[in-house]
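Here the structure comes first, spelled out in structure tokens, and everything after it is commentary.
The values are calculated or read from the model by the stated rules, or taken from the named source; none is laboratory data. None of these values were measured; they are calculated from a predicted model. Heads up, the Cβs are rebuilt from the backbone with ideal geometry, glycines too, and the neighbour counts pull from every protein chain shown.
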């Protein structure tokens, strides 16, 4: 499976964690301005993921590859991305990256991570993985069934998933407002980013292999 390189703006913290889980190298650029995001995307050959139509248009105009995230539904977004970039909606722990920091993860023995996991986890699970960069430990715990369910739902809709229209279609403010209303998004990118930053830690804990 080809693993793509992405860079996500500050509104896409949860999607960032999903893509890392699926094995993709994705940088979360919560504090970068539009100019920096586009420059980094071009320099490092990353696909810019954003909910911001204006940023999307700027990126395309300046020669960066970009993908507009239109839906508030993670399942729909995963299906659209898998369709566009032709990757599998399956978690392979051999290639997964750390949802928290984007580092690589490797198999770890129970004894080597015993001081980093709860006693009940040590008693109930035998397979563990650890990030080589931040040290976060993962295991297939209670969240695993939910992760698989969401990916299964995304697979079912992948073939008919909606892809973003070309940047040129967003030429009028009327069309822009229509698209945002269709997806329940009339907030500004700064407003959305503030909301995402408040939830960042919660999302990190809710989307892990454990």
- Query: When the range 119-129 is examined, which residues are found to be more than 13 Å from residue 21 (Cα to Cα) and touching a residue at least 24 places away in the same chain (Cβ under 8 Å)?
  - Reply: 121
- residue 133: passes all of (1) in a strand (DSSP E or B); (2) closer than 26 Å to residue 29 by Cβ; (3) free of Cβ contacts under 8 Å to residues at least 60 places away in the same chain but (1)
- Note down all Cβ pairs under 7 Å where the first residue falls in the range 89-118 and is touching a residue at least 24 places away in the same chain (Cβ under 8 Å) and at positive phi, the second is in a helix (DSSP H, G or I) and surrounded by 19 or more Cβ atoms within 10 Å (Cβ to Cβ), and they're at least six residues apart or on different chains. 102/20
- Note on the structure: Residue set 107, 111, 16, 95; condition surrounded by fewer than 22 Cβ atoms within 10 Å (Cβ to Cβ), within 17 Å of the chain's Cα centre (by Cα) and under 25 Å from residue 129 (Cβ atoms); output residue 95
- Note on the structure: Across (1) crowded, with 23+ Cβ neighbours inside 10 Å; (2) within 20 Å of residue 102 (Cα to Cα), residue 5 clears everything bar (1)
- Message: Of the residues 79, 29, only one is modelled with pLDDT under 95, surrounded by 20 or more Cβ atoms within 10 Å (Cβ to Cβ), within 28 Å of residue 144 (Cα to Cα) and touching a helix residue (DSSP H, G or I) at 6+ places or on another chain (Cβ under 6 Å); which?
- Response: 29
- Item | In the range 8-45, the residues that are in contact (Cβ under 8 Å) with a residue 40 or more places away in the chain and in a strand (DSSP E or B) | 8, 9, 25, 26, 27, 28
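Name the one entry in 151, 163 that is more than 23 Å from residue 59 (Cα to Cα) and either modelled with pLDDT of 95 or more or not in a helix (DSSP H, G or I) (or both).
Only one candidate qualifies: 151.
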- How many residues does the range 113-130 hold that are touching a strand residue (DSSP E or B) at 6+ places or on another chain (Cβ under 7 Å), more than 19 Å from residue 92 (Cα to Cα) and not in a loop (DSSP other than H, G, I, E, B)? 2
- Message: Checking residue 59 against (1) surrounded by 20 or more Cβ atoms within 10 Å (Cβ to Cβ); (2) under 12 Å from the mean Cα position of the chain (by Cα), only one condition comes out false. Which one?
- Response: (2)
